[in-house]
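Notes to accompany the following structure.
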Amino acid sequence: MTQAADFEAVCIAPTLSIREALDRLDKGHKRILLILAADQRLLGVLTDSNFRRAMLTPVDQSLPVSTIMTAQPVVADAGMSADQMLSLMERTHCHELPVVGSDGRVLRLVLIEELLALRSRLHEKTAVVMAGGLGERLRPLTEETPKPMLAVGDRPILFTLLDQMLSADFTRIYLMLNYKADVIIDAVSKIPRYQGVVRFVRETERLGTAGALALLPERLDKPFIVANADLLTKVPFDDMLRFHAREDNEITVALKEVQFKLPYGIATLEGTRITALLEKPTLTHFINAGVYVMSPAALARIPPNIRFDATDLIAGAIADGERIGSFPVHEYWIDIGQPAQLHQANQDYHSVFGSREQDQ
């Protein structure tokens, strides 16, 4: 929407001469002038096209603009949404749209570039991938290769995660890097489909599983995904974002139900008395799956330049009474933090994700 001063600059009286109106159009840097009655009712519009047609006639430029104006212009009702206005502009090939009230008075002027910019902002989706881990439990594999670049299904596990995010129409993906950052930057930069979408942020020191978020180079104004780079999963990011908004959470944590079969019997005690004895029970728990949705307010909780983990962030939000939601994951999920898990991920890959052409 045009600013008040800009709006006033494009409003003229019907008695203004064509010559004066042309000068006003040039100086106003807009493609349209609104011809208004004394009571602000819209009488017509004057566009660059009106002037160019008048030049071909030719028309006496001392005549009032009412002689060449479009008397029944395309207008928007005050109650129309931005999408409806943009659709009307696209149908009528108008790049400027006066918005009028029920009494015919002009309320504002909307430009198509403003609506397109708004549409772009509304459809922006941001993800942050934590890719700075040392991968100590996977040594010696990670002595030369950072964990996100370990091959799963004959390609770096990070590439599978990035492709999932691209498929979900994320427009910005930040890779938070530390250990062997140059290896990751070099590999990702060679893939054309990641260019313009994937951006790199380096930690100069290890800041924990949430502290690196304080390094984001822009102020995010919408909920965003945070995911660990060592995950092989089918978590539906769009569903998780919608769930987060519906539940009005500050942070939503993806949880995976896992079962642990203990190799021992467990005794239940009252003092020294045994009240029950369970033989090698299977325990069921929900574990943190390493994928979050965070609202912008969560970022304000992260102190700069100190180690700060996701558990610290969540504990602080809970202590302040904020809503922290859970998003149960029934889809495939595994992290590759240990050799056995990496081996399992490679066995599962093609049956879960299918084959893929060589990255290039």
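The values are calculated or read from the model by the stated rules, or taken from the named source; none is laboratory data. Quantities reported herein were computed from a predicted structural model and do not represent experimental measurements. Note that we place each Cβ from the backbone using ideal geometry, even for glycine, and neighbour counts take in every protein chain shown. Accessible surface areas use protein heavy atoms only, side chains included; no ligands, DNA or RNA. Shrake-Rupley method; radii C 1.70, N 1.55, O 1.52, S 1.80 Å.
Values computed for the structure shown
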read-out	value
Matching residues, the range 76-112, being under 13 Å from Arg41 (Cα atoms) and in a loop (DSSP other than H, G, I, E, B)	Gly101, Ser102, Asp103, Gly104
Filter result (under 20 Å from Asp309 (Cα atoms), touching a Pro at 6+ places or on another chain (Cβ under 8 Å) and open to solvent by 10 Å² or more (accessible area, probe 1.4 Å)) within the range 183-218	Val201, Ala214
Residue within the range 266-281 that is among the charged types (D, E, K, R), outside any strand (DSSP E or B), open to solvent by 20 Å² or more (accessible area, probe 1.4 Å) and in contact (Cβ under 8 Å) with a residue 12 or more places away in the chain present	yes
Options Gly290, Gly316, Gly325; residue that is open to solvent by less than 50 Å² (accessible area, probe 1.4 Å), at positive phi and within 26 Å of the chain's Cα centre (by Cα)	Gly290
Where a residue in the range 161-174 is under 22 Å from Lys147 (Cβ atoms) and its partner, wherever it lies, is aromatic (Phe, Trp, Tyr), with Cβ under 7 Å and at least six apart	Leu162/Tyr194; Met165/Phe237
Every pair of residues 6+ apart whose Cβ atoms lie under 7 Å, when the first sits in the range 190-213 and is assigned to a loop (DSSP other than H, G, I, E, B) while the second is among the β-branched types (Val, Ile, Thr) and modelled with pLDDT of 90 or more	Val197/Ile173
Where a residue in the range 79-91 is touching a residue at least 12 places away in the same chain (Cβ under 8 Å) and more than 20 Å from Arg105 (Cβ to Cβ) and its partner, wherever it lies, is in a helix (DSSP H, G or I) and not basic (Lys, Arg), with Cβ under 6 Å and at least six apart	Ala82/Leu115; Ala82/Leu118; Leu86/Leu115; Met89/Ile112
Residue pairs meeting the criteria (Cβ under 6 Å; at least 6 apart or on separate chains; first closer than 19 Å to Lys222 by Cα, in the range 298-321; second assigned to a loop (DSSP other than H, G, I, E, B))	Ala298/Glu250; Ile302/Phe308; Leu313/Arg301; Ala317/Glu250
Within the range 142-153, tally of residues that are assigned to a loop (DSSP other than H, G, I, E, B), out of contact with any Phe, Trp or Tyr (no Cβ under 6 Å at 6 or more places or on another chain) and touching a residue at least 60 places away in the same chain (Cβ under 8 Å)	1
Selected residue (criterion: surrounded by the fewest Cβ atoms within 10 Å (Cβ to Cβ)) from residues of the range 66-108 that are at pLDDT 85 or above and among the β-branched types (Val, Ile, Thr)	Thr67
Count of the range 164-182 residues which are open to solvent by 20 Å² or more (accessible area, probe 1.4 Å) and under 24 Å from the mean Cα position of the chain (by Cα)	7
The range 48-73 residues that are part of a loop (DSSP other than H, G, I, E, B) and among the β-branched types (Val, Ile, Thr), paired with ones that are open to solvent by 40 Å² or more (accessible area, probe 1.4 Å) and at pLDDT 85 or above (beta carbon under 8 Å, 6 or more apart)	Val59/Thr67
Any hit, the range 241-264, residues being part of a loop (DSSP other than H, G, I, E, B), among the hydroxyl-bearing types (Ser, Thr, Tyr) and touching a helix residue (DSSP H, G or I) at 6+ places or on another chain (Cβ under 7 Å)	no
